[in-house]
Amino acid sequence: MATAREIKRRIRSVENIGQITRAMEAVAASKMKRAQDQVLSTRAYAQKAWEVLTHLASQRVADEAMHPLLQIRPVNNIGLVLITSDRGLCGAFNHNMIRRALEFIEAAEGATVQLITVGRTGRNFMLRLGQPIVAEFSNLPAAPGLTDITPIARVAINGFLNGQFDLVCLAYTDFITTLTQRPAIKRLLPIRPMELGTQAMAEYVEDVRPTPVGEYIYEPDPHTILDEVLPRFTELQVYQAVLESIASEHSARMVAMRNATESAAELVEELTLSFNKARQQAITREIMDIAGGAEAMAQARAAAQ
Amino acid sequence: MSTIKCDIVTVERQVYSDEVDMVVAPGIMGTLGILPRHAPLITALQEGELRLKKGDEEEIFAVSGGYIEVRPDRVIIMADTAEHADEIDEARAEAARRRAEQLLKEKPPDIDRAAIEGALRRSRVRLKVARKRRRRARPQERIEE
């Protein structure tokens, strides 16, 4: 059995770890809140952009033939934007996302899937598996702005326009509650203005049927307007997916750290118990030594008399 | 006099939402004045100043690109960026303008050139909007500062 001093040292180190994990939990909680607020504040724009788009669609302006980003082609090549975290210590967060992405790749029989990875964990994993990666983005700031994700959207849009991808999907972790996050794969391109449910941004938008307001005037013309609306709409969806993933990452980390803190507390309790036992034993031994010594001296004194 | 509901949104936030008397927006085909019961219209925006008139007051924003949807009872401005005149940091806008002008002098390749020219136009708009606000500020307010 370990000596009391050794156990004491272990208790102290476990307590330190517990303090660190508790601090990390608090940090993750506040970061999660921030990402959540950020994604919620895109809601106003998302709603209105969607309304404009359905308006255009209902006027038969956003027709499939009207804009290359609306074009539906037979799917031979799929671009998958895989969003994971840069850092670990967040439970099964990345693992779940990657597993979901691999299922998707497997299910895409016939079509080849090329990856655009966001976040280091996903990139490293896919590299090891030898999956084709066309672009990778990592080290996004903790609270990314729209300009930080524009390049990601650009790769997706350009790839779709030049025929490298016939379909682009977003693989991200959907934040549901603090305790539940669900890996999701949703379509990014082509945009289909009449099918909200399959679009990545669906949860931020109410599917209001456009109120008929008569003919619109388009300045300069509908095509130019679509040119403005569609790329921004795509960026918006990537942005939302990234923010959702960040919120999920932090909440996963928060839960993982809370579990770690609890385990640390349990361990400290167990160790304290064995520390007390060890101490008790040591005391008992000392008393026995003293008692033995005293007894021996008493006997020696008796013999001398 | 009737009013028109005006929303200014960017991807990152809702910038403004209120009933106003008139909207003056920098459309791609030229400046548009929008009063209540305007015909339905969708147009792209260019960098410029966006003014909202409400009674005697006027709110000024610097916007850079995006698009605007007009319906008889409401105006929705979906801007790439929109800043209220009071939010603009004049010193920073000035620095951005100088930087852009400097870069243009160095004869960049074509792709950069378009981006830098865009940045230059944006910084000029922001400066203009910020200066308007300063002129408007009444003397006694400025003493208090």
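Rule-based calculations on the coordinates, nothing more; no lab input. Fair warning: this is a prediction, and the values are worked out from it, not measured in the lab. So basically every Cβ, Gly included, is an ideal-geometry build from the backbone, and we count neighbours across all protein chains shown.
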Rounded to the nearest 20 Debye, what is the dipole magnitude of the stretch A:25-258 about its Cα centre when Lys and Arg each give +1 and Asp and Glu each give -1 at the C-beta?
960
Find how much the distance from A:Asn16 to A:Ile217 grows on full extension, using 0.36 nm per residue of separation minus their present alpha carbon separation; answer in nm with one decimal.
65.7 nm
Cα-based Lys proximity count in chain B, under 25 Å, for pairs eight or more positions apart or on separate chains
8
From other protein chains only, count the Cβ atoms within 10 Å of every residue's Cβ in B:61-68, then give the mean.
2
In the stretch A:240-305, which GluC sites (Glu not before Pro) fall in coil by DSSP and have 11 or fewer other Cβ atoms within 10 Å?
none
Helix B:90-105 versus the longest principal axis of chain B: what angle, 0 to 90°, nearest 10, using Cα atoms?
50
With Cβ to Cβ distances under 13 Å as the rule, what net charge do the other residues near A:Ala264 carry (K, R +1; D, E -1)?
-2
On the principal axes of its Cα set, how long, how wide and how thick is the stretch A:65-105? Give whole Å, largest value first.
47, 19, 10
Quick shape check on the stretch A:25-258: root eigenvalues a ≥ b ≥ c of the Cα gyration tensor, a/c under 1.5 is rounded, otherwise prolate if a/b tops b/c, else oblate, and it reads oblate
In peptide A:43-51, what is the residue-averaged number of other protein chain Cβ atoms found within 10 Å of each Cβ?
5
Rounded, prolate or oblate, given the Cα gyration tensor of chain B, with a/c below 1.5 counting as rounded?
oblate
Dipole moment magnitude, nearest 20 debye, the protein assembly as shown about Cα centre, only Lys, Arg, Asp, Glu C-beta charged
1360
Taking the Cβ of each residue in A:Leu273, A:Leu115, B:Leu127 as the centre, tally the other Cβ atoms inside 10 Å and list the residues starting with the fewest.
A:Leu273, B:Leu127, A:Leu115
In nanometres, what is the gap between the two model label sites at A:Lys33 and B:Glu94, each 7 Å from Cα along Cα-to-Cβ?
3.8
I'd like the FRET efficiency for A:Thr180 and A:Ala303, computed as 1/(1 + (r/R0)^6) with the beta carbon distance as r and R0 of 60 Å, rounded to 0.05.
0.15
Determine which lysines satisfy two conditions relative to A:Lys8: a Cα distance under 23 Å, and not lying fewer than 8 residues away in the same chain.
A:Lys277
To the nearest 0.05, what FRET efficiency results for B:Gln14 and A:Thr147 with a Förster distance of 25 Å applied to their C-beta separation?
0.85
Pull up the cross-link candidates among the lysines for A:Lys31, meaning alpha carbon to alpha carbon under 28 Å and not fewer than 8 places away within one chain.
A:Lys48, A:Lys186
Per 5 Å bin, what is the whole-percent P(r) computed from every C-alpha pair distance within the stretch A:1-55?
4, 16, 10, 10, 10, 8, 8, 7, 6, 6, 5, 4, 3, 2, 1, 0
Quick one: give the max-minus-min coordinate of the C-alpha atoms of the stretch B:4-85 along each principal axis, largest first, in Å.
26, 25, 20
Expected 222 nm ellipticity per residue - DSSP helices of 4 or more, -39500 (n - 2.57), all of the protein assembly as shown, to 500:
-18000 deg cm²/dmol
Treat the count of other C-beta atoms within 10 Å as a stand-in for reagent exposure and order B:Thr10, A:Thr84, A:Thr261 from fewest to most.
A:Thr261, B:Thr10, A:Thr84
0 to 90° range, to nearest 10: angle between helix A:4-40 axis and chain A longest Cα axis:
20
For the protein assembly as shown, the Rg and Dmax computed from alpha carbons only, in angstrom
31.5, 127
